[in-house]
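K.L.:
Input: one structure, supplied below.
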Amino acid sequence: MTLNLQGEEILKEVLLVEDSPGDVRLTREAFRKFDKSVNLHVAVDGVDAMAFLNREGDYVNAPRPDFILLDLNMPKMDGREVLARIKGDPGLKLIPTIILTTSDAGVDISKSYLLQANCYLTKPVQLDEFENLVKSITDFWLTMVKLPI
């Protein structure tokens, strides 16, 4: 738990870009289990994610996320396009963007890194493996890594 100078807990803002309600629920439950200071925001597709990141429409007061968990295969605007837009925007490109997807295709992995993804993770099928992955994300990205301000 990280505290500010007033002794208040600092929330860690995480944007999950995921169109599967089941995966959203599993991710939310896993973060609650391992790090209660995570404030998980959900965008259901790429268009919704870009509105959140650009603070448009319903997201005018959205916080800047500490990092983004991004699925690749989504309706409206897929994760590859979202990643390209994030990394092409000077105001967003420093936000660590972690690909979290079911695809283990070499072409998806290579393309994601070419578009400057910070990390590529494949979603495990088993619940306990998924929870362990979220714990690893929490331990590494929210504990060990020094994130840009």
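K.L.:
Looking at region 37-80 from every direction and averaging, what is the projected area of its Cα convex hull in nm²? Walk me through the intermediate numbers first.
P.N.:
On the way: hull surface 12.9 nm².
Average projection, Cα convex hull of region 37-80: 3.2 nm².
K.L.:
Report the charge-dipole magnitude of the chain in Debye, nearest 20, computed about the Cα centre from +1 at each Lys and Arg Cβ and -1 at each Asp and Glu Cβ. Don't skip to the answer; put the middle values down first.
P.N.:
On the way: 17 positive and 23 negative charges, 76 e Å.
The calculated dipole for the chain is roughly 360 debye.
K.L.:
Still on this structure, I have one more. Does region 106-149 classify as rounded, prolate or oblate by the C-alpha gyration tensor (a ≥ b ≥ c root eigenvalues; a/c under 1.5 gives rounded; else a/b over b/c gives prolate, otherwise oblate)?
P.N.:
oblate
K.L.:
Next up: So what is the relative contact order of the chain, in percent, for Cα pairs below 8 Å that sit 6 or more residues apart? Walk me through the intermediate numbers first.
P.N.:
Values: 213 pairs, mean separation 31.8, N = 149.
Relative contact order, the chain: 21 percent.
K.L.:
Once the principal axes of the Cα atoms of region 20-100 are found, what is the range along each, listed largest first in whole angstroms?
P.N.:
34, 25, 23
K.L.:
Hey, another quick one. Go through K36/K135; K12/K135; K33/K76 and tell me which ones have a Cα-Cα distance over 20 Å in this structure.
P.N.:
Details: K36/K135 12 Å; K12/K135 14 Å; K33/K76 31 Å.
Over 20 Å apart, Cα to Cα: K33/K76.
K.L.:
Continuing with this model, one more query. Considering the options P75, S112, L147, tell which one lies farthest towards the positive end of the dipole of region 40-149, charges being +1 on Lys and Arg and -1 on Asp and Glu at the Cβ, about the Cα centre.
P.N.:
After comparing all options, I get L147.
K.L.:
Then there's this: Once the principal axes of the Cα atoms of the chain are found, what is the range along each, listed largest first in whole angstroms?
P.N.:
Projected onto its principal axes, the Cα set of the chain covers 46, 36, 27 Å.
Each value in this text was obtained by applying a stated rule to the coordinates, not by laboratory testing. Just so it is clear, the model here is predicted, and its values are computed rather than measured. Here the Cβ is made from the backbone with ideal geometry for all residues, glycine too, and neighbour counts use every protein chain on show.
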